[in-house]
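This report refers to the structure that appears directly beneath it.
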Amino acid sequence: MAELWEKSYPPGFDWHAEIKTALLTDEQREAARRWGTKSFIEFGPITLDFVTFDALVERAARGFAALGVKPGVHVALHLPNTPHYPLAFYGVLRAGGVVANLSPLDAERELAHKIALADVSLVVSFAGLDQKLPPPGPNLRIMVATPEDMAPVPPPAIPTDPAERIPFRVLLDPTRPSPGPWPTPAVDDLAVLQFTGGTTGLPKAAMLSHANLTASVSSYDAWGSAPSIGLTPGAEKVLVVLPLFHIYALNTLLLRGMRNGYTLLLKARWDTDDILDTIARDRPTMFSGVPTMFRAIASHPRARQVDFSCFHFCNTGGAPLPMELRDEFEGVADRLLLEGWGMSETSPAGTVTPPQNRKLGSAGLPLPGVTIEIRDLDEPERKLAPNEKGEICIRGKNVTKGYYKQPEETANAFVDGFFRTGDIGYLDDDGFLFIVDRKKDMILSGGFNVYPRLIEEAIYEHPAVAEVIVIGVPDAYRGESAKAFVTLRDGAAAPSLDDLRAFLADKVGKHELPAALEIRDSLPKTAVGKLWKKPLVDEARAQAKVR
């Protein structure tokens with residue numbers, strides 16, 4: 001029986017395409033053999049071809065092995081978009097370790113939580129960012145990268161004092177001998193711990209195997225290889241501004257670029273003028289971003305002077321795309337802006353919009369190899385019919401097996417082999433997915449996951465605060481931002497928004513700081529006395545519509 005969405009697949013697209021899985025380390029070695037001296041990473045004055053990158057990965061793997069990285073050892077990457085990230089990522093995997101991704105935007109307590117939860121024994125950080133990490137010692141080594149690491153300077157020895165930070169350059173010693181044959185894990189073995197809000201509460205570590213991640217690449221490739229998409233292995237230039245520690249960029253840009261011989265134009269941060277200059281000068285053919293990036297381009301006074309015809313089209317994800325932004329960007333760039341949906345737990349393959357057949361407000365069609373069902377919110381074993389709203393559930397080779405060290409959360413996240421996303425939506429008669437709400441409280445701000453509970457817990461430390469609820473409210477630039485509703489302790493003076501943000505500066509990340517604060521006499525509660533967010537969410541949405 002054909003799936004509902006198959007009839008909507010344009011000619012040349014095949015939902016039944018083979019979804020190949022492999023070891024990420026094998027794909028990296030094969031890329032070196034296949035693409036040779038073709039440029040892989042371009043980062044300012046630094047250019048690494050596939051062969052040179054492979055040689056550096058070998059050095060990095062030997063360095064990691066000398067530091068004790070082997071099967072079962074978890075290494076956290078706490079890095080911005082510099083060549084250090086892909087080198088460390090593949091170096092850890094070649095040595096047999098598991099990568100745990102940390103965000104440079106995380107505050108101290110979040111980093112400590114994630115490092116402990118993921119059983120991390122080594123963190124690779126960047127100069128300055130490492131000050132937010134827990135102190136190094138016998139159970140946690142800290143490695144620090146600097147911008148000068150790629151210069152041809154002899155590397156130092158590994159420090160013997162575990163409390164001393166390890167220079168990243170240690171990894172690149174060309175004289176270090178190989179420890180022997182590298183481990184050969186199974187494709188279903190753990191490769192990456194990707195932090196996510198899961199369906200509720202504090203960040204969790206989604207377990208992503210080599211098979212999960214390469215299956216996701218295969219799904220995107222099966223879609224992108226269709227004649228009307230026109231992506232050509234070995235011929236594409238990818239503008240990479242999305243952070244590589246995020247599943248969106250990790251899979252769709254780095255891992256996919258590795259398999260297909262793409263050149264990655266790597267950017268450490270977003271700068272609209274630099275992005276426009278890069279488009280005009282280097283003529284990238286692919287660009288994936290979050291809505292805030294496309295808003296920055298569309299509203300820039302120079303945008304209409306730039307020729308965007310180098311792009312096949314542009315992709316957006318990570319946060320809902322306002323239709324007015326889509327129209328504004330397409331009017332400026334004369335390129336399609338196609339929306340997709342996915343999650344850390346799906347590596348992140350989910351849906352994508354066909355360029356020939358777009359539906360207003362839809363997140364698109366399920367990718368090849370991905371099955372989506374809508375399940376009843378109260379009876380998740382019951383599959384709903386087209387146009388009935390319920391919980392979006394997803395199945396495929398790309399879907400996580402669960403959350404690390406959290407069996408109860410894992411059990412609650414699945415029904416009949418489908419992952420319960422916590423998102424509410426429906427499939428229409430043509431199989432297009434529409435997302436209408438989220439069960440979870442997670443806020444999507446500028447493409448980043450923001451967890452209200454973490455912010456609430458930090459606000460509760462303020463001496464004036466009696467009760468607090470944090471919700472996501474519409475934000476024209478970020479999509480959503482955090483707003484705090486607070487009641488005060490008796491006799492306490494009300495803090496201003498600036499006062500509150502200053503108080504929270506060392507407790508949450510900059511992207512998590514509330515953009516609005518409202519002091520109230522009371523907060524909504526359920527019949528059993530629990531704080532209740534829904535009335536405030538409904539109120540905020542109503543106010544946004546009035547505006």
Name the single residue that is surrounded by the most Cβ atoms within 10 Å (Cβ to Cβ) among those in the range 302-347 being of a type in the set (Gly, Ala, Ser) and outside any helix (DSSP H, G or I). SER347
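Tell me, which residue of the range 269-296 that is in a helix (DSSP H, G or I), at pLDDT below 95 and of a type in the set (A, V, I, L, M, F, W, C) is farthest from PRO355 (Cα to Cα)? Show your work before the answer.
Looking only at the range 269-296, we keep the residues that are in a helix (DSSP H, G or I), and these are 272-282, 291-296.
This time we only want the ones that are at pLDDT below 95, so: 291-296.
Filter once more, so that each one left must be of a type in the set (A, V, I, L, M, F, W, C): 293-294, 296.
On the way: MET293: 20, PHE294: 18, ALA296: 23 Å.
Only one residue fits best here, namely ALA296.
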Exactly one of these conditions fails for ALA502: (1) out of contact with any strand residue (DSSP E or B) (no Cβ under 9 Å at 6 or more places or on another chain); (2) surrounded by 13 or more Cβ atoms within 10 Å (Cβ to Cβ); (3) under 25 Å from LEU129 (Cβ atoms); (4) not charged (D, E, K, R). Give me its number. (2)
Counted residues, the range 148-197 - those being over 24 Å from LEU244 (Cβ atoms) and among the hydrophobic types (A, V, I, L, M, F, W, C): 5
Only one residue in GLU457, GLU461, GLU480 is among the charged types (D, E, K, R), crowded, with 17+ Cβ neighbours inside 10 Å and closer than 29 Å to LYS114 by Cβ. Which one? GLU480
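Out of VAL352, VAL332, VAL399, VAL370, report the one residue that is aliphatic (A, V, I, L, M), more than 24 Å from SER481 (Cα to Cα) and without any contact (Cβ under 8 Å) to a residue 60 or more places away in the chain. Let's see the steps before the verdict.
Details: VAL352 fails: without any contact (Cβ under 8 Å) to a residue 60 or more places away in the chain; VAL399 fails: without any contact (Cβ under 8 Å) to a residue 60 or more places away in the chain; VAL370 fails: without any contact (Cβ under 8 Å) to a residue 60 or more places away in the chain.
Result: VAL332 is the single residue among VAL352, VAL332, VAL399, VAL370 that is aliphatic (A, V, I, L, M), more than 24 Å from SER481 (Cα to Cα) and without any contact (Cβ under 8 Å) to a residue 60 or more places away in the chain.
Across the range 397-428, what is the number of residues that are in a loop (DSSP other than H, G, I, E, B) and within 19 Å of the chain's Cα centre (by Cα)? Let's see the steps before the verdict.
Start the filter on the range 397-428 by keeping residues that are in a loop (DSSP other than H, G, I, E, B), which leaves 397-402, 404-406, 413, 416-417, 428.
Those left that are additionally within 19 Å of the chain's Cα centre (by Cα): 397-402, 404.
Residues meeting the conditions: 7.
Does ALA163 satisfy being small (Gly, Ala, Ser), closer than 24 Å to LEU79 by Cα, in the same structural domain as ASP119 (by TED's automatic domain parsing) and without any contact (Cβ under 8 Å) to a residue 24 or more places away in the chain?
Numbers: small (Gly, Ala, Ser): yes; closer than 24 Å to LEU79 by Cα: yes; in the same structural domain as ASP119 (by TED's automatic domain parsing): yes; without any contact (Cβ under 8 Å) to a residue 24 or more places away in the chain: no.
Here the answer is no, as ALA163 does not meet what is asked.
I'd like the residue in the range 228-268 that is among the hydroxyl-bearing types (Ser, Thr, Tyr) and in a helix (DSSP H, G or I) and, out of all such residues, is nearest to THR316 (Cα to Cα). Give the derivation first.
Going through the range 228-268, the residues among the hydroxyl-bearing types (Ser, Thr, Tyr) turn out to be 228, 232, 248, 252, 262-263.
Pick out the ones that are also in a helix (DSSP H, G or I) and you get 248, 252.
Numbers: TYR248: 10, THR252: 11 Å.
Ranking the candidates gives TYR248 first.
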Quick check on the range 90-99. Is at least one of its residues of a type in the set (Ser, Thr, Tyr), over 20 Å from LEU213 (Cβ atoms) and at pLDDT 95 or above? no
Test result for VAL99, under 30 Å from TYR451 (Cα atoms), of a type in the set (A, V, I, L, M, F, W, C), buried (at least 22 other Cβ atoms within 10 Å of the Cβ) and without any contact (Cβ under 8 Å) to a residue 60 or more places away in the chain: no
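The values are calculated or read from the model by the stated rules, or taken from the named source; none is laboratory data. All values derive from a computational prediction rather than experimental measurement. So basically every Cβ, Gly included, is an ideal-geometry build from the backbone, and we count neighbours across all protein chains shown.
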